[in-house]
């Protein structure tokens, strides 16, 4: 497993950076950026909008050149600059523009990291991918738990305090250069990745067309789009939702800690879940868990119910966030694994996320903070029930039928 230390470090530091950015960015835009709910939705939507172009392009470049590890490093270095640059955006137009520039590198980063990890772990047993990926969750947990303490110390040292009509968290922009620094360390760790074989396979020109003719993959894309449309916007707006229920920054951090503690063993053991449930079973479990979670949040009579519902986050990650890439890796030719993961992210995180963020922002502004959670939760419950009808078993085209040990599952 020593050969997997560099990619484990990439996961740890890059998702550690995301632990500073993802849980708090919508609150930063709302309170420190002074944006309306619709404007927050638009800025959040620009990340997946740009990603819908960037993800398949970077994935195709990685597959055509066979330099998947080098592409991963470039993306991490570019994202580190982008996160730091967001701190210089003031006003809706500037924040929209700088976030779009960030998205060119940040949105393809995780799909590329997934593709590299799957290539490096393909012959190391069914649990190898989960045991590497779990370091990302650990990094995320450490930063989301520690950031409120870091911010308080920064505010005291800088003499910052809330003022009437201003932000409740002055100095909140500290999260941006910290995010950039952690992602930079992750990118530098990627320079130590070594490997041949599946990691350096090259695709032929026009090979990507095989993907759009392969029905299991195409149906997965439509399913993933729908799942992220129902679940993604409420996730991005979760800090705003917590604040609407009189939650503090510390409460947001504590809820994320509660989300991530169960996620660690679930992600680490995702290989066992794949063997027992298959890729389709993981997807159904993840989407149903997400539906229950958001429905409870939307209808919750008190904060205790909201808190308990966050325990389902790890199931959503194992089922949807990991299950969908595992389905892809079992269904597409190995030489197209980066393109397959990039297009998957385009369909789900990007196109599904665009519409979900815009819809969530609009519903929040016009109908209140609970409405997006009720709508998304009930829709996800219905989608989860339809998995056996919607998705066929994950199989490669007949001419590319060699299975990946430990990845191909029974559907």
Taking alpha-carbon centroids only, segment 8-47 lies from segment 53-105 a number of Å equal to 14 Å
For the chain, longest principal axis from Cα atoms; helix 249-268 axis from its Cα atoms; angle between them, nearest 10 degrees, is 10 degrees
Expected sort for 360, 222 with the fewest Cβ neighbours (10 Å cutoff) up front is 222, 360
So for R0 = 56 Å, FRET eff. of residue 202-residue 157 from the Cβ-Cβ r, to 0.05, ends up at 0.60
Segment 232-375 -> Rg/Rh from Cα coords, Kirkwood Rh, value 1.00
Helix 371-385: inclination vs the chain longest Cα principal axis, degrees, rounded to 10, gives 20 degrees
Quick shape check on segment 234-287: root eigenvalues a ≥ b ≥ c of the Cα gyration tensor, a/c under 1.5 is rounded, otherwise prolate if a/b tops b/c, else oblate, and it reads oblate
Exposure proxy check on 127, 245, 214: fewest-to-most Cβ neighbours within 10 Å is 245, 127, 214
In degrees, nearest 10, the alpha-carbon axis of helix 92-121 is tilted away from the dominant principal axis of the alpha carbons of the chain by 40 degrees
Per-residue ellipticity at 222 nm attributable to helices in the chain (runs of n ≥ 4 DSSP H, -39500 (n - 2.57) apiece, nearest 500 deg cm²/dmol) works out to -23000 deg cm²/dmol
For segment 76-183, using Cα atoms only, the Rg and Dmax in Å read 17.6, 59
One finds, for residue 272 and residue 124 with R0 = 22 angstrom and r their Cβ-Cβ distance, a FRET efficiency to the nearest 0.05 of 0.90
PRE zone check, label point 7 Å out along Cα-to-Cβ of residue 250, amide N under 19 Å, scope segment 5-38, hits 24
Here FRET efficiency (C-beta to C-beta, residue 257 to residue 212, R₀ 51 Å, nearest 0.05) is 0.80
Cα-based Rg and Dmax for segment 201-275, in Å, come out at 19.0, 55
With N residues in the chain, Rg(alpha-carbon) / (2.2 N^0.38 Å) equals 0.92
Computed over the chain, the relative contact order (Cα-Cα under 8 Å, seq sep at least six) in percent reads 29 percent
Quick note on 322, 185, ordering by fewest other C-beta atoms within 10 Å, gives 185, 322
By the mean-Cβ-within-10 Å protection proxy, highest first, 66-73, 326-333 rank as 326-333, 66-73
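Readers should treat all values here as calculations from the given coordinates under stated rules, not as data from a laboratory. Quantities reported herein were computed from a predicted structural model and do not represent experimental measurements. When we count neighbours, we look across all protein chains shown, and the Cβ atoms used for this are built from the backbone with ideal geometry, even at glycine.
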